[in-house]
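Below is one structure, written out as structure tokens, with a few remarks after it.
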Amino acid sequence: MTTAVLGLQWGDEGKGKITHLLAKDADMVVRFNGGPNAGHTVIDRGVKFGTHLIPAGAFYPNTTSVLSSGMVIDLKILREEWDMLSQHLGWQPRLLIAENAHIIMPYHRELEELEGSGKHFGTTRRGIAPTYRDKAAKVGIRAGDLLHPDIASQRLKLRLALLNREWPDSQGIQSLDAGVLLEEQLSFAGPLLPFIGDATEAIHQAFDSDLNVMFEGAQGTLLDVDHGSYPFVTSSSTTFAGLGNSIGIPMPRVDRRLGVFKAYMTRVGVGPFPTRVSGELEERLRTIGGEFGVTTGRPRECGWLDLVALRYAIQLNGCTGLAITKLDVLSGFDEISVCRSYRLNGKSIEKFPLAAELLEKCEPEYETVSGWGDPISEVRDSAELPKQVMEFVALIERDVGVPVEIISVGPEPEATMMRK
């Protein structure tokens, strides 16, 4: 059995909880994109964690957690997470780091500040885009290079020479030294060096042995570099379409494609957001939902559920099932609004525009449904949920044409209901 867990909004859908829950039955969990710009909130044994790089399989002793070549890795952050989880769990997580995954270097974060891309595009300023850019320009440093320090040193010297020519007036760039950088990265890597290897071969072997493999996505579909609200997107492929390339298997056999979405919408950073609300309503959603970025702590913009965007994301990923999260946040609302279409230039449309400039002009066309007064965070059987909750879920299923398999009404693992 293979499963891909994919975010269907602008990230922050609650994938961390869902992947942690499903990973307990997995032999291998593969993170296939992004870097420490992603944040997964996980509650394990009553302890809350905010992870950024380590896949959800790290919480289980017999599960291998793979960081694929589609990722960019900050070794300092990865080492901190590995040490933290080792202490919490009482064992060392089983990792496999793709030898062709690229490493985020200090100058990547420096470049993001120098270029101002973080401010303009609302990025996390973790050096993500410059690292992916170096990858495409063939001047990046890969995890496998650290196993051969002479190769890593040559590549670092070449990259620094180029940077020195590009930024002659930057003291931060001019002061960088290849030897110091390499020694620093090897120090961070330390006990992780034996985990660097051929991830593609390992995933192939897992498929051939009929092991239970789970693919864990980061960010969300609407942030995909090709298919999201460009240019306010991330720098990697966040959809199922990008999975094969990221892991080195052109047509991976994935039986289940589970799309995760919130019962409402959020967005962090900058970019268009048609269903955003304002004032007391936004503050209510943000406060009850705890809508602050795991990575940056920034408050998230909040709004009603957007079915135009959801239909687009589901179609793009070919989802076989859905998981809806944070339904409990909507408790206490007399009415709930759901966006079924947009109005653009005086016309009603049901298609999600790919250009951010067009999406910015879209006005939501809402349908109002009945809310529910009683809190539902303690409910553990979907049959016991209020009628209005299940009517809301049924409306979504009818609109998007895909069943909701998982209902989440709280951050705890037990606040999750599986539906047949």
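The values are calculated or read from the model by the stated rules, or taken from the named source; none is laboratory data. As the structure is a computational prediction, the values presented were derived from the model and not from experiment. Cβ atoms come from the backbone with ideal geometry, glycine included; neighbour counts cover every protein chain shown.
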Seminar exercise, completed: Taking the stretch 206-227 and keeping residues surrounded by fewer than 17 Cβ atoms within 10 Å (Cβ to Cβ) and either under 22 Å from Ile128 (Cβ atoms) or under 26 Å from the mean Cα position of the chain (by Cα) (or both) leaves Phe207, Leu211, Asn212, Asp226
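Select, from Phe49, Phe32, the only residue that is touching a strand residue (DSSP E or B) at 6+ places or on another chain (Cβ under 6 Å) and closer than 22 Å to Arg286 by Cα. Even if it seems obvious, please write down each step before you answer.
Values: Phe32 fails: closer than 22 Å to Arg286 by Cα.
On inspection, the qualifying residue turns out to be Phe49.
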Exercise. Tell me, which residue of the stretch 29-61 that is hydroxyl-bearing (Ser, Thr, Tyr) and not in a loop (DSSP other than H, G, I, E, B) is modelled with the highest pLDDT?
Worked result: Thr51
Seminar exercise, completed: Going through (1) surrounded by fewer than 24 Cβ atoms within 10 Å (Cβ to Cβ); (2) over 27 Å from Glu112 (Cβ atoms) one by one, Val5 fails only at (1)
Problem set entry | Matching residues in the stretch 326-351 - criterion: being closer than 23 Å to Pro272 by Cβ, in a loop (DSSP other than H, G, I, E, B) and free of Cβ contacts under 8 Å to residues at least 60 places away in the same chain | Asn345, Gly346, Glu350, Lys351
Exercise. Glu414 fails exactly one of the following numbered conditions: (1) of a type in the set (Asp, Glu); (2) in a loop (DSSP other than H, G, I, E, B); (3) modelled with pLDDT of 95 or more. What is the number of that condition?
Worked result: (3)
Problem set entry | Of all residues making up the stretch 178-219, the number that are hydroxyl-bearing (Ser, Thr, Tyr) and in a helix (DSSP H, G or I) | 2
Problem set entry | Residue satisfying condition, being free of Cβ contacts under 8 Å to residues at least 40 places away in the same chain and assigned to a loop (DSSP other than H, G, I, E, B), within set Pro168, Pro130 | Pro168
Problem set entry | Given (1) at pLDDT 95 or above; (2) in contact with a Leu (Cβ under 9 Å, 6 or more places away or on another chain); (3) within 18 Å of Phe188 (Cα to Cα), number of the condition Thr64 does not satisfy | (3)
For this session: Report the residue count in the stretch 160-200 for those that are exposed (fewer than 12 other Cβ atoms within 10 Å of the Cβ) and hydroxyl-bearing (Ser, Thr, Tyr).
Result: 2
For this session: Give me the pairs, please: first residue somewhere in the stretch 41-53 and surrounded by fewer than 16 Cβ atoms within 10 Å (Cβ to Cβ), second residue anywhere and modelled with pLDDT under 80 and in a loop (DSSP other than H, G, I, E, B), beta-carbon distance under 9 Å, and either six or more positions apart or on two chains.
Result: Gly50/Gly39; Gly50/Val294; Gly50/Thr295
